[in-house]
1. Mind jotting down the distance between the C-alpha centroids of the range 225-293 and the range 94-160, whole Å?
2. By per-residue mean of other Cβ atoms within 10 Å, what is the highest-first order of 200-208, 291-299, 148-156?
3. Kindly write out, for the range 165-179 in residue order, the coupling ³J(HN,Hα) from the Karplus curve 6.51 cos²θ - 1.76 cosθ + 1.60 (θ = phi - 60°), rounded to whole Hz, with x marking Gly and Pro.
4. Once you've got the Cα coordinates, tell me which of K203/K287; K287/K329; K86/K287; K192/K270; K78/K292; K66/K273 are over 31 Å apart.
5. Would any residue of the range 206-247 have its amide N under 13 Å from a label point 7 Å out along Cα→Cβ of E164? List them or say none.
6. Say R0 is 22 Å: what FRET efficiency, to the nearest 0.05, do T191 and E253 get from their beta-carbon distance?
7. Taking N as the number of residues in the chain, what is its Cα Rg relative to 2.2 N^0.38 Å?
8. How many nm separate the modelled label positions at A175 and L157, each set 7 Å beyond the Cα in the direction of the Cβ?
Amino acid sequence: MRAMRILLAVLLGAAAVPPLTAQRGLPTWRATAVWRIDGTESGEPFADVRDYVVSTEGTLWLLEAKDQLIRRFDGNGKALATAGRKGSGPGEMRRANGLLVRRDGSVWVNDPGNGRLSEFSATGTFTRQHLAVTGGYGWRWNGWMDRRTGDLIDEFLNAAAKGESQWRRWTAAGAIRDTVPMPACAIVRLTKETRILAETKGKGNMVTTYPFATGGGSTPDGAGNVWCASPASTRVARVRIGAQDTVFQTRVELPRIVIGKSERDEEIAKVKKMIAEYATSDFDPAKVPTLKSGIDALTVDDDGRLWVRHAHVYGGTTVTFDVHNPSGKHLARVLIPQRPGPTWLPVRARGNDVWIAVRDADDILSIARYRLSNR
């Protein structure tokens with residue numbers, strides 16, 4: 001019971017936290033730019049990037065959802081041969097929405113449109129596929145690898161469990177081992193307070209979330225736990241999978257941020273533009289929050305480190321991370337001198353190398369590689 005009370009306190013932002021003055025002087029790592037690519041290196045700018053990964057030998061694999069194509073670049077950012085294409089044949093994809101690198105260097109692609117996972121060799125050659133029945137899928141695939149066993153684990157809408165999201169474990173051979181309940185903090189549920197519904201009867205609808213209603217996040221650590229933070233959290237809790245109890249919390253606090261009028265008006269205008277093509281909607285500008293989460297997204301890198309992305313400062317040109325070791329100890333703060341890309345694209349890191357999606361002043365998306373060093 002005590003562990004559950006701690007978890008609830010963290011997720012609701014009610015846990016006692018150290019004063020901000022006690023967090024000054026945090027160690028920092030310098031991020032030096034190595035290269036930056038926007039897709040024109042291989043002919044076309046990036047259009048609808050749904051995911052990207054970096055393979056064991058340093059090759060960047062980038063999934064273009066619009067074209068259902070995987071674009072590949074070597075460790076120096078030079079374009080390589082593409083992998084896959086749109087279709088339903090071997091190695092082809094329909095509605096692919098995520099990538100994952102296995103320990104043997106192979107890259108697996110989630111392809112819910114064809115009801116399967118497709119496997120490619122490190123050189124981009126299709127090798128085999130694994131049937132994967134799905135009851136639904138999200139914008140980006142929630143798949144990860146257990147570093148202890150090598151199992152691939154992905155989110156699965158289990159009809160036998162009343163449509164609840166569960167994690168499904170796959171062996172390296174592509175056999176489903178079993179399913180595992182997801183911790184409550186890892187399940188995103190839309191409510192009347194956070195959901196916007198726009199529709200034209202008989203023609204279709206759109207469901208999205210209110211501006212600033214999201215934040216925090218969840219990400220498995222690859223070792224039997226999940227890092228969790230709600231939109232109201234100021235710190236991150238590590239929750240044990242299965243037991244659902246809090247192991248510990250990070251110590252660095254990221255308080256919620258007051259939303260200025262210009263930022264709020266800009267986001268309201270974006271929503272109005274999205275819903276304008278529908279006949280009706282339940283959008284109420286008065287329900288747009290006045291505070292936003294200080295935590296934008298969570299990612300665990302190839303070394304098991306937790307990267308906590310700070311909420312973007314309106315008008316700013318820097319994305320900031322706090323990096324913690326697998327045990328939750330704060331290692332350093334990292335500042336990337338670029339505007340951040342979308343929150344669904346995670347930071348990728350290994351050793352002193354970091355790959356991150358960023359945007360320029362014209363809102364053009366790029367993938368940039370940086371090298372870390374102590375100041």
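The values are calculated or read from the model by the stated rules, or taken from the named source; none is laboratory data. Predicted model only: the values in this text are computed from it and were never measured. Methodologically, a virtual Cβ is constructed for each residue, glycine included, from the backbone with ideal geometry; neighbour enumeration extends over all protein chains shown. Accessible surface areas use protein heavy atoms only, side chains included; no ligands, DNA or RNA. Shrake-Rupley method; radii C 1.70, N 1.55, O 1.52, S 1.80 Å.
1. If you average the Cα positions of each part, the centres end up 28 Å apart.
2. Per-residue Cβ counts within 10 Å, averaged per peptide and sorted highest first, yield 291-299, 148-156, 200-208.
3. Karplus-based 3J(HN,Hα) across the range 165-179 equals 6, 9, 9, 10, 9, 10, 7, 4, 7, x, 8, 6, 7, 5, 10 Hz.
4. From K203/K287; K287/K329; K86/K287; K192/K270; K78/K292; K66/K273, over 31 Å: K287/K329; K86/K287; K78/K292.
5. It comes to 242-244, nothing else.
6. For T191 and E253, the calculated efficiency is 0.25.
7. 0.98
8. 2.9 nm
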